[in-house]
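Peer 1: Okay, here's the structure, questions in a sec.
The values are calculated or read from the model by the stated rules, or taken from the named source; none is laboratory data. Just so you know, these numbers come straight off a predicted model, no measurement behind them. Cβ: placed from backbone, ideal geometry, glycine included. Neighbour counts: every protein chain shown. Please note that ligands, DNA and RNA were not included when accessible areas were found on the heavy atoms of the full protein model with its side chains. Shrake-Rupley method; radii C 1.70, N 1.55, O 1.52, S 1.80 Å.
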Amino acid sequence: MISIRSLNKSYGTSQVLYDINLDVAAGSVVVIIGPSGSGKSTLLRCINLLEQPQSGTITVDGEALLYQQYTKKEAYRLRRKTSMVFQGYNLFLHKTALANVEEGLLVVQKMPRHEARELAQFHLSKVGLSDKMNAYPAELSGGQQQRVAIARAVAMNPKVILFDEPTSALDPELVQEVLSAMKKVAAEGNTMIVVTHELAFARDLGTKIVFLEQGRFLEEGPAQEFFAHPQKERTRQFLQQFSTDYSYHI
Ligand SMILES: Nc1ncnc2c1ncn2[C@@H]1O[C@H](COP(=O)(O)OP(=O)(O)O)[C@@H](O)[C@H]1O
Ligand SMILES: [Mg+2]
């Protein structure tokens, strides 16, 4: 579904991603882990062209784009194939939950109003927000706001959904409801790239884990194997900061 080749990204003179190669199969969940500052957000932002890498190529659903040189039309087409869920939700504060989910369907996809409404209601119900459709973000908990953001991302029916630490801003008791919503999204066969420190989620729902450190992929592997038998000392050291069973309940 997605393949990235030889991606290099610098900010000014400081390089933050080095020769990144990544393949994401359709319907898989690739989880990117790594310390703060390793380039995880930058990598996600390069995938949907919020940042422009200096070199490399990205192919999404059979369409390749050359990072050094692409047209506006190519960028637009690539962006439409991705949705992003941010740590800080990024909802429109003056719009209700329903209007937040409808927005992209109406403006970007030019969907008829009644269709957009039905689809938005459907996706909000799926994340357990049937009774909050008319609430404004300020009237919702962080977990509820993030579930609106997830409904909004999924409703656009993208080829891939990018999640950048979706639970990091949440109080611990709200983390599980968001992970549950993500679990549902994964179970429905969506292709996902997830940056998270929720390692139990990564182990149980990840297809592939990638460990990023200082802009380089240090180790990657199938989820169960990655956690059971990390190959590199540095990977073991990173995983050791987390509790041994990564326990969680969803
Ligand atoms: N807009 C920017 N301008 C300059 N440097 C940046 C910018 N965004 C991120 N960086 C730097 O790039 C590196 C990687 O950042 P980031 O991708 O946010 O890492 P992570 O998400 O893994 O914490 C960091 O050193 C950060 O300071
Ligand atoms: Mg980040």
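Peer 1: Looking at Glu74, Glu115, Glu63, which is the one that is of a type in the set (Asp, Glu), free of Cβ contacts under 8 Å to residues at least 24 places away in the same chain, more than 16 Å from ligand 2 (Cβ to nearest atom) and farther than 17 Å from Val160 by Cβ?
Peer 2: Exactly one of Glu74, Glu115, Glu63 is of a type in the set (Asp, Glu), free of Cβ contacts under 8 Å to residues at least 24 places away in the same chain, more than 16 Å from ligand 2 (Cβ to nearest atom) and farther than 17 Å from Val160 by Cβ, namely Glu115.
Peer 1: Is there a residue in the range 200-211 that is assigned to a strand (DSSP E or B), farther than 30 Å from Lys126 by Cβ and touching a residue at least 40 places away in the same chain (Cβ under 8 Å)?
Peer 2: yes
Peer 1: From Leu174, Leu179, grab the single residue that is touching a Ser or Thr at 6+ places or on another chain (Cβ under 9 Å), more than 19 Å from Met1 (Cα to Cα) and open to solvent by 10 Å² or more (accessible area, probe 1.4 Å).
Peer 2: Leu174
Peer 1: Inspect the range 3-14 for any residue being open to solvent by less than 10 Å² (accessible area, probe 1.4 Å) and away from ligand 1 (no atom under 16 Å from the Cβ) and give the result as yes or no.
Peer 2: No, the conditions are met nowhere in the range 3-14.
Peer 1: Counting just the residues of the range 38-55 that are part of a loop (DSSP other than H, G, I, E, B), within 16 Å of the chain's Cα centre (by Cα) and in contact (Cβ under 8 Å) with a residue 60 or more places away in the chain, which one comes out farthest from ligand 1 (Cβ to nearest atom)? Don't jump to the end; show me each part of the working.
Peer 2: Quick first cut of the range 38-55, residues part of a loop (DSSP other than H, G, I, E, B) only: 38-39, 48-54.
Restricting the remaining residues to those that are within 16 Å of the chain's Cα centre (by Cα) gives 39, 48-51.
If we keep only those that are in contact (Cβ under 8 Å) with a residue 60 or more places away in the chain as well, we get 39, 48.
Numbers: Gly39: 4, Asn48: 14 Å.
Checked the range 38-55; the qualifying residue farthest from ligand 1 (Cβ to nearest atom) is Asn48.
Peer 1: Within the range 24-37, does at least one residue satisfy the condition of being part of a strand (DSSP E or B), more than 16 Å from ligand 1 (Cβ to nearest atom), of a type outside the set (Lys, Arg) and touching a residue at least 60 places away in the same chain (Cβ under 8 Å)?
Peer 2: Checking the range 24-37: at least one residue is part of a strand (DSSP E or B), more than 16 Å from ligand 1 (Cβ to nearest atom), of a type outside the set (Lys, Arg) and touching a residue at least 60 places away in the same chain (Cβ under 8 Å).
Peer 1: Hey, another quick one. What residue, of Ala200, Ala153, is crowded, with 22+ Cβ neighbours inside 10 Å and either hydrophobic (A, V, I, L, M, F, W, C) or more than 16 Å from ligand 2 (Cβ to nearest atom) (or both)?
Peer 2: Just a single option satisfies the conditions, and that option is Ala153.
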